[in-house]
């Protein structure tokens, strides 16, 4: 059973009808809905202190939640952080840079830190990030709005964060190899940028019918839109915007991804936005720098990728917390 199977069972057995999107959408007042998201980051799973600085960890812990707000087309307002901190990290040399990373990104997007909690923890470090945002009433972009004939689009290049993770895991970071530009993929992994501004533009201009952020990988996140919308999808491999830096990484270093395209399809943590748009707005979408990579089809059992005139089933192969992805 993977995490998504478990969440389905929770919804079937308990009153969890507000779950199923990147944020919970809560009616508020004066024509406004609140957007609330929570993310857990665990040392050794979501970050490693042997290669990420305290400031890197702080920034990323906020960025992943801001990306959820972006996926709903919302404005981020407030953030709360609760942490379980081991004794070895209970010092100003770690904590002040950690909060500085949070604060820098919060100031960049006008987010106020509203509180949280700190507890002693035998280890590893655990971070719970909660962000509250807003959007006009009934205007949040859900995963369930994709329609037959819609374009499937992404906001930017994919696979860079996965390449950066492979560099970090190999110990290659900082090695002065000629023409080996490792720092850009490493930055994509350690310092992701949430697409808050672009997500908001897409919503306010009514260019999207559904949206999700790419946290687990394109091949794993696209099925969430298909399932919630009751539709299928066909992706054109030639249109997927593969991060150009992946071509500069030794193929053996990139393993278990067997190609840059494989990393773009199945690598997670790019935190770009994956969305669907009516075909009529294609020009506007592309003028924003977004890439059209496929189309939505009526048959919900279809999840295909085409390349060189042939088609195959696209197996969800992105990151899964428990067991294999669905």
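Fully extending the segment from residue 147 to residue 38 would add 36.4 nm, taking 0.36 nm per residue of separation and subtracting the current Cα-Cα distance.
Remark: the chain projects, on average over all directions, an area of 17.7 nm² (convex hull of Cα atoms). Averaging 1/r over every pair of different alpha carbons in the range 203-252 and inverting the result gives a Kirkwood radius of 13.5 Å. Projected label points at residue 313 and residue 201, each 7 Å from Cα along the beta carbon direction, are separated by 3.9 nanometres. According to the Cα-based calculation, Rg over Rh for the range 143-313 is 0.99, with Rh computed by the Kirkwood formula. By the Stokes-Einstein formula, at 0.890 mPa s and 25 °C, the range 93-179 with its Kirkwood radius over alpha-carbon pairs has D equal to 133 µm²/s. With the highest mean first, a sort of the peptides 55-63, 194-202, 156-164 on other beta-carbon atoms found within 10 angstrom per residue produces 156-164, 55-63, 194-202. Structure remark: mean-square fluctuation, Gaussian network model of the chain, C-alpha springs under 10 Å; the largest value among 81, 94, 275 belongs to 94. Per-residue packing, averaged as other Cβ atoms within 10 Å, sorts the ranges 248-255, 307-314, 66-73 into the order 66-73, 248-255, 307-314, beginning with the highest.
Between the range 206-257 and the range 34-89, the alpha-carbon centres lie 22 Å apart. Just need log10 I(q)/I(0) for the range 3-136 at q = 0.11, 0.15, 0.17, 0.19 Å⁻¹, Debye formula, equal scatterers on the alpha-carbon atoms, no solvent, rounded to two decimals. Evaluating at q = 0.11, 0.15, 0.17, 0.19 Å⁻¹ gives log10 I(q)/I(0) of -0.44, -0.77, -0.94, -1.09. The calculated FRET efficiency for the pair residue 302 and residue 87, based on their C-beta separation and a Förster distance of 56 Å, comes to about 0.60. In this simple spin-label approximation, residue 187 and residue 239 carry label points 7 Å from Cα along the Cα→Cβ vector, and these lie 2.9 nm apart. Averaging 1/r over each pair of different alpha-carbon atoms in the range 222-288 and inverting the result gives 14.2 Å, the Kirkwood hydrodynamic radius.
None of the figures in this text is laboratory data; all of them are computed from the coordinates on show. Quantities reported herein were computed from a predicted structural model and do not represent experimental measurements. Note: ideal-geometry Cβ built from the backbone for every residue, glycine included; neighbour counts use all protein chains shown.
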